[in-house]
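The values are calculated or read from the model by the stated rules, or taken from the named source; none is laboratory data. Since the model is a prediction, treat every value here as computed from it, not as a measurement. Every residue, glycine among them, receives a Cβ derived from its backbone with ideal geometry; neighbour counts consider all protein chains shown. Note: areas computed on protein heavy atoms with side chains; ligands, DNA, RNA excluded. Shrake-Rupley method; radii C 1.70, N 1.55, O 1.52, S 1.80 Å.
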Amino acid sequence: MWPFGRKKTDPAAATETSPAAASVVAADQSGDDTPAVIKVFDPYGREVAIPRESWRTDVLLPNLEKSKDNPDALYSMIVDSLQNGFAEDLLPFAEHLQKISPDPLRGAVILGIVYLELGRLDEAEGAFRNYLAQHGEQHTEAGLIYTNLAKVYAARGKESLVEATLWHALQLDPNQSNGFGWFLARQHQQGGEA
């Protein structure tokens, strides 16, 4: 329990059903980028800072478990928890989401991203390639798969594959903001303002 004013605030109550609303407020003093606390807002809109490990054990893991058979809620929690650096804890839930999601693209992308965050590049590439093997690339959604596949190649330092894969992603779906923004940033970095 954490004091807030003169009342004690339960972290589970502080987030109600949405632990995804958490945000990082401070970096750990150990020198890495791991957050020391997670900032949430209680039902009255008051800010509460919860130590990272307490957030993980008291809020995140129980809520992930509670939402594991609700694909939409599980997806939202995984996405937000990735931003707070909980990839290791998310892996079994991302694998489960990939199996139960009515949207195969969403399941494949989130699983691949969790693998990518964990540095498990072969498995990340496998998740993306499995989606393409099952669903092909005849629809624009495949552009998102190729953008994430390009991230795998970037993590491996294979610049020529990054460029070709990212370009192919944009040919399939030129309107994806993530891929387009990344492409523009790379072009600007390589060729300057012009």
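Pairing residues of the stretch 49-71 that are over 24 Å from Gln98 (Cβ atoms) and of a type in the set (A, V, I, L, M, F, W, C) with residues that are open to solvent by less than 70 Å² (accessible area, probe 1.4 Å) and in a helix (DSSP H, G or I), at Cβ distances under 8 Å and at least 6 apart in sequence or on separate chains, gives Ile50/Pro11; Ile50/Ala14; Ile50/Val59; Trp55/Pro11; Trp55/Pro19.
Residues checked against (1) outside any helix (DSSP H, G or I); (2) of a type in the set (A, V, I, L, M):
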| residue | (1), (2) |
| --- | --- |
| Ile50 | yes, yes |
| Glu53 | no, no |
| Pro62 | no, no |
| Ser76 | no, no |
| Lys99 | no, no |
| Leu105 | no, yes |
| Ile110 | no, yes |
| Tyr115 | no, no |
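Restricting the stretch 128-151 to residues that are assigned to a loop (DSSP other than H, G, I, E, B) and surrounded by fewer than 16 Cβ atoms within 10 Å (Cβ to Cβ) leaves a set whose member that is nearest to the chain's Cα centre (by Cα) is Thr140. Inside the stretch 54-79, can you point out the residues that are open to solvent by less than 50 Å² (accessible area, probe 1.4 Å) and of a type in the set (Phe, Trp, Tyr)? Matches in the stretch 54-79: Trp55 only.
Across the stretch 164-176, the number of residues qualifying as open to solvent by less than 50 Å² (accessible area, probe 1.4 Å), within 16 Å of Arg186 (Cα to Cα) and part of a helix (DSSP H, G or I) comes to 4.
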